[in-house]
Amino acid sequence: SNMPTWQCAAAQQKLPSQYMIVAPYDGTSVTISHPMSSPNHPAGSTFSVSMDKGDVFSSMSIGYGGDLTGAYIYATKPIAVTAGNNCTYIPNEIQYCCCDHITEMLLPLNTWGKVYHAMPIKTRAKGPIYRIFAGEPNAKVYINGTLYGTIAGKGGELGYGFMEIRPEEPLPMEFSSDKPIMVAQYNTSQYYEGTNGVPTDPFFLVLTPVEQYQNDLVFTTPKDDFQDNYINLATDSAGLYQIEIAQGGSDQFDLLMSKYSPTVRKYPTQLNGKTYMGATFRIPPGTYRMRGPNPFAGYIYGFSSFDSYGYPLSAALG
């Protein structure tokens, strides 16, 4: 009635949350617990699937607001799991246009860490949304050094198996815990900041723990679809000023700080006696290599009208 057309359409769309498991080995037994319903498994159920090399198992939520976030997946042999949504409005579909597909590979629990650094998304007036998951029950979660809350479960629905936070301000965020955690960062829909917001749309980024930071990364932007490409970096203060960058296959390295003049923000807590910094800069379309004496993490993302992408520059799985 009084809703704009896109809102009427949104209320009737079926936009499932989903995950996909790929098995690289024969004789893999996978046990899955669902926090919410899928077409074949009621909320709260646990079931098993037998998989052989090359098999794919996928599942999706049902109904408005269905969400398989917090599903717990255990396998007897290594598997790959990709999660996301067919098209999602972030934070919700009735208020904020528009939807975009989001997808990300999930990191296995044995690679999770206890400290994560996140920078806000360049050009956005509000902070992104974060979800934090616990690798062990009763994980205390600290944000910028202050206890924020406890995640009771290893897997499970919002409030039990994970927490969600929506900072209003676009600030650097350090997430830490006494247990292994995983942190996901979500870019919000274009209208989250009003109908005059910058061209963008949802993307889903699994953050890299400090324990998995690296010294040498090769990455690329999409070719020409996104003219605005940005990088968020996190490293210790000494390491940041020594990071070098080269284009393509070139051996011509330049100091990142002098080449791109990133915006630099400091994290409020120290880690092992070191101060950590976040840096954001715009990068032209292309292929690049970055290296530095101290380990760092990076994320690349870009925008277009009601469109976006975002992913880690690299993910170590030590």
*Can you name every residue in region 90-101 that is open to solvent by 20 Å² or more (accessible area, probe 1.4 Å) and either under 17 Å from residue 65 (Cβ atoms) or within 13 Å of the chain's Cα centre (by Cα) (or both)?*
91, 92, 93, 94, 95, 96, 99
_Six or more apart or on different chains, Cβ atoms under 6 Å: show the pairs whose first residue is in region 34-50 and free of Cβ contacts under 8 Å to residues at least 60 places away in the same chain and whose second is open to solvent by 70 Å² or more (accessible area, probe 1.4 Å)._
37/62; 39/62
*Being of a type outside the set (A, V, I, L, M), surrounded by fewer than 18 Cβ atoms within 10 Å (Cβ to Cβ) and over 16 Å from residue 295 (Cα atoms) is the filter here, so list the residues in region 229-254 that pass it.*
247, 248, 249, 250, 251, 252, 253, 254
*asked:* Which residue is nearest to residue 32 (Cα to Cα), if the candidates are limited to region 75-100 and must be touching a Leu at 6+ places or on another chain (Cβ under 9 Å) and of a type outside the set (A, V, I, L, M)?
replied: 82
*Quick one: in region 38-89, of everything that is crowded, with 19+ Cβ neighbours inside 10 Å and among the polar types (S, T, N, Q), which residue is farthest from residue 185 (Cα to Cα)?*
38
*Residues of region 294-318 being within 29 Å of residue 237 (Cβ to Cβ) and out of contact with any strand residue (DSSP E or B) (no Cβ under 7 Å at 6 or more places or on another chain), which ones?*
315, 317, 318
*Please state which of the following conditions residue 99 fails to meet, knowing it meets all the rest: (1) in contact with a Cys (Cβ under 8 Å, 6 or more places away or on another chain); (2) free of Cβ contacts under 8 Å to residues at least 24 places away in the same chain.*
(2)
_Within region 103-114, take every residue that is open to solvent by 20 Å² or more (accessible area, probe 1.4 Å) and outside any loop (DSSP other than H, G, I, E, B) and give me the one that is farthest from residue 202 (Cα to Cα)._
110
*Here are 190, 185: which of them is of a type in the set (S, T, N, Q), out of contact with any strand residue (DSSP E or B) (no Cβ under 7 Å at 6 or more places or on another chain) and open to solvent by less than 20 Å² (accessible area, probe 1.4 Å)?*
190
*How many residues are open to solvent by less than 10 Å² (accessible area, probe 1.4 Å), among the hydrophobic types (A, V, I, L, M, F, W, C) and not in a strand (DSSP E or B) if we restrict to region 120-151?*
1
*Does at least one position in region 152-160 carry a residue that is out of contact with any helix residue (DSSP H, G or I) (no Cβ under 7 Å at 6 or more places or on another chain), within 24 Å of residue 297 (Cα to Cα) and assigned to a strand (DSSP E or B)?*
no
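The values are calculated or read from the model by the stated rules, or taken from the named source; none is laboratory data. Treat the numbers as computed from the prediction; the structure is a model and nothing was measured. Glycine also receives a Cβ, built like all others from the backbone with ideal geometry; neighbour counts cover every protein chain displayed. Only protein heavy atoms, including side chains, enter the accessible area calculation; ligands, DNA and RNA are left aside. Shrake-Rupley method; radii C 1.70, N 1.55, O 1.52, S 1.80 Å.
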